[in-house]
1. Of the numbered conditions (1) in a helix (DSSP H, G or I); (2) closer than 26 Å to ARG7 by Cα; (3) open to solvent by 20 Å² or more (accessible area, probe 1.4 Å), LEU80 satisfies every one except a single condition; which is it?
2. Please go through region 1-60 and pick out each residue that is within 15 Å of VAL84 (Cβ to Cβ) and of a type in the set (Phe, Trp, Tyr).
3. So, GLU91, is that one touching a strand residue (DSSP E or B) at 6+ places or on another chain (Cβ under 6 Å) and surrounded by fewer than 15 Cβ atoms within 10 Å (Cβ to Cβ) or not?
4. Among the residues of region 19-42, write down those that are open to solvent by less than 40 Å² (accessible area, probe 1.4 Å), among the β-branched types (Val, Ile, Thr) and either assigned to a loop (DSSP other than H, G, I, E, B) or closer than 16 Å to TYR96 by Cβ (or both).
5. Does any residue of region 3-18 turn out to be open to solvent by 30 Å² or more (accessible area, probe 1.4 Å), out of contact with any Ser or Thr (no Cβ under 7 Å at 6 or more places or on another chain) and part of a loop (DSSP other than H, G, I, E, B)?
6. Just to verify a result, which residue in region 13-55, among those that are in contact with a His (Cβ under 8 Å, 6 or more places away or on another chain) and not aliphatic (A, V, I, L, M), is modelled with the lowest pLDDT?
7. Looking for something surrounded by fewer than 18 Cβ atoms within 10 Å (Cβ to Cβ), within 18 Å of SER99 (Cβ to Cβ) and aromatic (Phe, Trp, Tyr) - is there at least one such residue anywhere in region 43-55?
8. Of everything in region 85-100, what is part of a loop (DSSP other than H, G, I, E, B) and under 13 Å from the mean Cα position of the chain (by Cα)? Give them in sequence order.
Amino acid sequence: MARDFSRAQRVGEQIRRELAELLRLEVKDPRVGFITLTDVEVSADFAHAKVFFTSMTGDENLDEILTGLRRASGFLRRELGRRVRIHQTPELHWHYDPSV
């Protein structure tokens, strides 16, 4: 069982790195320009991924940022499917991380 847990962590970290690169280089939406991905939690079946982010502007434009991220989710998921070799590309769920 511990092996599955560590694999989920490794896949989550790889998804975080790939998403950060895609957001930095490929997504042209100005609403998502100043965010940092802090963590990705992948479900046991790899069907869902909670993506935690923080914004350099604080939580003042949070609604706009979430709208931009949700609009880019299809593109990001397709690109993740090309870059990360797992059976099922997870559905992305965006969550603001106020802890930073």
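The values are calculated or read from the model by the stated rules, or taken from the named source; none is laboratory data. It should be emphasised that the depicted structure is a prediction, and the values quoted were computed from it without experimental measurement. A quick note on method: Cβ atoms are made from the backbone with ideal geometry, for glycine too, and the neighbour counts reach across all protein chains shown. Surface areas here come from the heavy atoms of the whole protein model, side chains and all, with no ligands, DNA or RNA. Shrake-Rupley method; radii C 1.70, N 1.55, O 1.52, S 1.80 Å.
1. (3)
2. If the condition is that a residue be within 15 Å of VAL84 (Cβ to Cβ) and of a type in the set (Phe, Trp, Tyr), then PHE46 is the only one that fits.
3. Working: touching a strand residue (DSSP E or B) at 6+ places or on another chain (Cβ under 6 Å): yes; surrounded by fewer than 15 Cβ atoms within 10 Å (Cβ to Cβ): yes.
So GLU91 fits the description; yes.
4. VAL27, VAL32, ILE35, VAL40
5. At the first step, the residues of region 3-18 found to be open to solvent by 30 Å² or more (accessible area, probe 1.4 Å) are 3-7, 9-10, 13-14, 16-18.
Subset that is out of contact with any Ser or Thr (no Cβ under 7 Å at 6 or more places or on another chain): 3-7, 9-10, 13-14, 16-18.
When the remaining residues are screened for being part of a loop (DSSP other than H, G, I, E, B), the result is none.
The answer is no; no qualifying residue exists.
6. Initial filter on region 13-55 (in contact with a His (Cβ under 8 Å, 6 or more places away or on another chain)): 42, 46, 48-53.
Then keep just the ones that are not aliphatic (A, V, I, L, M); that gives 46, 48, 50, 52-53.
Details: PHE46: 89, HIS48: 95, LYS50: 97, PHE52: 97, PHE53: 95.
Among those that are in contact with a His (Cβ under 8 Å, 6 or more places away or on another chain) and not aliphatic (A, V, I, L, M), it is PHE46.
7. No: zero hits.
8. Going residue by residue through region 85-100, those that are part of a loop (DSSP other than H, G, I, E, B) are 85-90, 97-100.
Within region 85-100, THR89, PRO90, ASP97 meet the criteria.
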